[in-house]
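Asker: Below: one structure in structure tokens.
The values are calculated or read from the model by the stated rules, or taken from the named source; none is laboratory data. Given the structure is predicted, the values throughout are model-derived calculations rather than measurements. Cβ placement follows ideal geometry from the backbone for every residue including glycine, while neighbour counts extend to all protein chains displayed. Just the protein is used for accessible areas: all its heavy atoms, side chains included, with ligands, DNA and RNA removed. Shrake-Rupley method; radii C 1.70, N 1.55, O 1.52, S 1.80 Å.
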Amino acid sequence: MCGIVAYIGARPAAPLLVEGLRRLEYRGYDSAGLSLFSDGAIHTRKKVGRIDALAALLREKPITGVVGISHTRWATHGAPSDANSHPHLDASGKIALVHNGVIENYQSLKDDLLREGHVFASATDTEVLAHLIGKAYAANGRPDERGLLDAVREALRRVVGTYGIAVLCEDCPGAIVGARRGSPLVVGVGKGENFLSSDVNAIVAHTRDAVYLSDNDMVMLKTDDFQVERLDEREAKVQISRIEHDARASEKGEFPHYMLKEIFEQPQTMLNAMRGRFNRDEASAALGGLNMTNAELRAMDRIIMTACGTSWHAALVGDYLIEEVSRVPCEVEYASEFRYRNPPIDKNTLILAITQSGETADTLAAMREAKRKGHKALGICNVVGSTIARESDGGVYVRAGPEIGVASTKAFTSQVTVLALIALHLGRLHHLSAIQGARFIEELEAIPEKIAQILKQSDAIRTIAARYKDARDFLYLGRQANYPVALEGALKLKEISYIHAEGYPAAEMKHGPIALVDEQTPSVFICPRDAIHEKTLSNMEEVRARRGRLIAIATEADEEIRRHADDVICVPATIDPLYPLLTNIPLQLLAYHIAVLLGRDVDKPRNLAKSVTVE
Ligand code: G6P
């Protein structure tokens, strides 16, 4: 959420920063801006809208310079506008700041500054921080790099909230100061140049050496070196990590949208999630990253999964899978609720934080709260080196590769795959026999090929999408493990097409949502041939009796279902707990095609951001 890129070196900074921002645009795209040193002064360009608007402004009014900071914004305080775009300046105009996160006590700080005569040009919390830094800098009377670092430190000590920042000062043309608390920031270490960014994606084209800053770290970035200090002036630990990155993985290739590319990657990404993770001798999973012995895992008699958005839906599928396969009781909590609740948690409870980005503020806070209370917390993350991956006690990377489309697709499938592996592993520590374990592995390994078969129906799904694209409301209905799939299907449609959609347990629909059913409201039923197939068919009839239009996601060779539904999309058969890995795929494609037919910006839907680093 919001993206930062800063550069100091010998190359022209503006094109580098704009290119970096383009790679971060999925984190926010309400406005963009940059500040550069040029001719002894700071020059700023900023513009509401996408990065293209900033690039056009720079063509009209270019700035040269080899040191600069830049930002792409997802608005929190203050509407998207030129004035509210970053960078923001202090009262003297000498200091420029870009900021991710939220300054929660900005209003009281602003009131104090207003009383002292400060004038603000924007409605943002960030401008308040810029003024605070400027005030501290003027007060300490040291117009040099050390004076700037100390001023930033002093201002940040007064701040409540979260931040990742980059600061430029007119008196210090050879330095950029950065700091983080709660918002990611990484130093890209180059030769004769250095980078600072909220995300390695922005810098990976230039360097593979990265230093992931920890909360309360500050950094002084120069052309040839950098120093990391703690906010409390204690010594900081610095470790240079090598970024493993396949540049092609971040390209769209022949696909019109990242989302479609990522949907089509799923047979491969699911294989990646499983690769090397079976212990065939024991008919179990091999998950060394959990950092827990079998005895420790066996002692866990409850699991709490915490997550947001699509990852929360993956957790709900995981809940079903783990309970069904291993009989270990599970609960799923919205991270944003869990972090402020104080639920009783037994000492033998394992916490699983599930997150694609590894940076979602609420999930991170929920995990930290659990750890603070002494619980073991594992992360199921996609982004390597992300904060949750680093701070958890262990975990499993889902290995989906970079997910750029704001609507999550392949990460969901990979998360569910990893949760299936955990279910298998726990199952084999509890009730599952070796034969049952081997059968589960066999079914799981067959899924990627089955996903590939579903993807072949993309054109047919587009034809169905065209029939329903003008509906104003959709219902998505499923039961058991397919209930979270209904939630996820509805979320996908909402996110990218802006059509209202509600996911519900198919039978529970009678207690309310059925009032929405009429000829105009389609219902998508997830109705594979599972143990409760007949029951779900009855629910479909309840909708049909009220003249509702029906799309069914059904198992191949289920001829009967055609008598119940107007349109049918088939998936191959599998065992009940693994159906979500298949039934979810047509729903991704349905949402995608409807959104494209409606002319929506599929990869950058309005108001959303890929990585939500504010609570
Ligand atoms: C945002 C994204 C969703 C994602 C959610 C949780 O809302 O748009 O796609 O599911 O955050 O993100 P995480 O990175 O923690 O999985």
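Asker: Picking from Val5, Ile514, Gly182, whose Cα lies most toward the positive end of the charge dipole for the chain (charges on Cβ: Lys, Arg +1; Asp, Glu -1)?
Answerer: Of the listed residues, the answer is Val5.
Asker: Which GluC sites (Glu not before Pro) from the stretch 235-288 combine a DSSP loop assignment with at most 15 other Cβ atoms within 10 Å?
Answerer: Glu244, Glu251, Glu254
Asker: For Ala557 and Arg242, what is the calculated FRET efficiency with R₀ set at 51 Å and r taken between the beta-carbons, to the nearest 0.05?
Answerer: After rounding to 0.05, the efficiency reads 0.55.
Asker: Separation of the stretch 184-247 and the stretch 79-97 by C-alpha centroid, Å?
Answerer: Here the answer is 24 Å between Cα centres.
Asker: Give me the percent of the accessible area of the stretch 533-588 that comes from carbon and sulfur atoms, probe 1.4 Å, all protein chains in place.
Answerer: Taking all protein chains in place, the stretch 533-588 shows 44 percent carbon and sulfur surface.
Asker: For the stretch 451-503 and the stretch 580-602, what is the centre-to-centre distance using only Cα atoms, to the nearest Å?
Answerer: 6
Asker: Using only the Cα atoms of the stretch 143-242, build the gyration tensor, take square roots of its eigenvalues as a ≥ b ≥ c, and label the shape rounded, prolate or oblate: rounded if a/c is under 1.5, else prolate if a/b is larger than b/c, else oblate.
Answerer: oblate
Asker: Taking Cα pairs under 8 Å and at least six residues apart, what relative contact order does the stretch 39-150 come out at, in percent?
Answerer: 23
Asker: If the viscosity is 1.306 mPa s and the temperature 10 °C, what Stokes-Einstein diffusion coefficient in µm²/s follows for the stretch 534-615 when Rh is the Kirkwood radius over Cα pairs?
Answerer: The calculation lands on 104 µm²/s.
Asker: Let me ask something else about it. Kindly report the accessible area of the chain per residue (heavy atoms of protein chains, probe 1.4 Å, no ligands, DNA or RNA), in Å².
Answerer: 37
Asker: Sort Glu25, Glu324 from largest to smallest accessible area, using a 1.4 Å probe on the heavy atoms of the protein chains.
Answerer: Ranked list, largest accessible area first: Glu324, Glu25.
Asker: Compute, for the stretch 360-451, the length of the dipole vector about the Cα centre, with Cβ point charges of +1 (Lys, Arg) and -1 (Asp, Glu) only. Units Debye, rounded to 20.
Answerer: 340
Asker: Can you pull the percent of Cα pairs in the stretch 337-477 with separation above 20 Å?
Answerer: Across the stretch 337-477, Cα pairs with separations above 20 Å total 62 percent.
Asker: Can you sort Tyr579, Tyr334 by 1.4 Å-probe accessible area, starting with the largest?
Answerer: I get Tyr334, Tyr579, largest accessible area first.
Asker: While we're looking at this one, here's another question. Report, in order of residue number, the helices in the chain meeting two criteria: a C-alpha extent of 20 Å or more along the helix axis, and a mean Kyte-Doolittle hydropathy of at least -1.0; treat each whole DSSP H run as one helix.
Answerer: 125-140, 309-326, 410-429, 434-455, 482-497, 579-597
Asker: Considering only the chain, what is the antiparallel percent among its DSSP beta bridges, to the nearest 5?
Answerer: 60
Asker: Any aspartates and glutamates with Cα under 16 Å of the Lys604 Cα? List them, leaving off those in the same chain fewer than 8 positions away.
Answerer: Glu25, Asp30, Asp52, Glu251, Glu262, Glu403, Glu495
Asker: Taking every DSSP beta bridge with both residues inside the stretch 139-206, roughly what % is antiparallel (nearest 5)?
Answerer: 90
Asker: Divide by every residue of the chain the summed helix terms, -39500 (n - 2.57) for each DSSP H run of at least 4, and state the resulting mean residue ellipticity at 222 nm, rounded to the nearest 500 deg cm²/dmol.
Answerer: Theoretical 222 nm ellipticity from helices: -11500 deg cm²/dmol.
Asker: On average, how much area does the Cα convex hull of the stretch 438-584 cover when viewed from any direction, in nm²?
Answerer: Result: a mean projected hull area of 8.2 nm².
Asker: Can you give the Kirkwood hydrodynamic radius for the stretch 283-343, in Å, rounded to one decimal and based on Cα pairs?
Answerer: One over the average 1/r among Cα pairs gives 12.9 Å for the stretch 283-343.
Asker: So what's the projected area for the stretch 501-557, the Cα convex hull averaged over all directions, in nm²?
Answerer: Its Cα hull, projected and averaged over all orientations, spans 3.9 nm².
Asker: What percentage of the solvent-accessible surface of the stretch 36-142, computed with a 1.4 Å probe over protein heavy atoms, is contributed by carbon and sulfur atoms?
Answerer: Accessible surface attributable to carbon and sulfur in the stretch 36-142 totals 55 percent.
Asker: Ile345 versus Thr463, label points 7 Å from Cα toward the beta carbon: distance in nm?
Answerer: Here the modelled spin labels are 5.1 nm apart.
Asker: Can you give the FRET efficiency to the nearest 0.05 for Glu442 and Leu598, using r as the Cβ-Cβ distance and R₀ = 41 Å?
Answerer: It comes to 0.50.
Asker: Expressed in nm to one decimal, what extension gain is obtained for the pair Glu104 and Arg230 from 0.36 nm per residue of sequence separation less their Cα-Cα distance?
Answerer: Length gained between Glu104 and Arg230: 43.2 nm.
Asker: Oh, and also: Let's test the formula: R0 of 41 Å, r as the Cβ-Cβ distance of Glu282 and Arg142. What FRET efficiency results, to the nearest 0.05?
Answerer: 0.05
Asker: Give the whole-number value, in cubic angstrom per residue, of the convex hull volume spanned by the C-alpha atoms of the stretch 86-192.
Answerer: Enclosed volume per residue, from the Cα hull, is 95 Å³.
Asker: Whole angstrom only: what separates the Cα centroid of the stretch 119-164 from the Cα centroid of the stretch 370-440?
Answerer: 40
Asker: Moving on to the next point. Using the C-alpha atoms of the chain, what convex hull volume per residue, in cubic angstrom, is computed?
Answerer: 154
Asker: I want the local charge near Ala466. Using Cβ-Cβ distances under 15 Å, sum +1 for each Lys or Arg and -1 for each Asp or Glu among the other residues.
Answerer: Value of the local net charge: +1.
Asker: How high is the relative contact order of the chain? Use alpha-carbon pairs under 8 Å, at least six apart in sequence, and give a whole percent.
Answerer: 12
Asker: Please state the Cα pair-distance histogram of the stretch 120-173 with 5 angstrom bins from zero: what percent is in each bin?
Answerer: In order of increasing distance, the bins hold 4, 19, 33, 23, 15, 5 percent.
Asker: Could you pull out which residues in the stretch 553-569 have an amide N less than 17 Å from a spot 7 Å beyond the Cα of Glu519, following the Cα-Cβ vector?
Answerer: Counting backbone N atoms under 17 Å from the label point, the list is 566.
Asker: So what's Rg/Rh here for the stretch 257-409, counting alpha carbon atoms and using the Kirkwood radius for Rh?
Answerer: 0.96
Asker: Which shape class applies to the stretch 1-112: rounded if a/c is under 1.5, otherwise prolate when a/b exceeds b/c and oblate if not, where a ≥ b ≥ c are the square roots of the Cα gyration tensor eigenvalues?
Answerer: oblate
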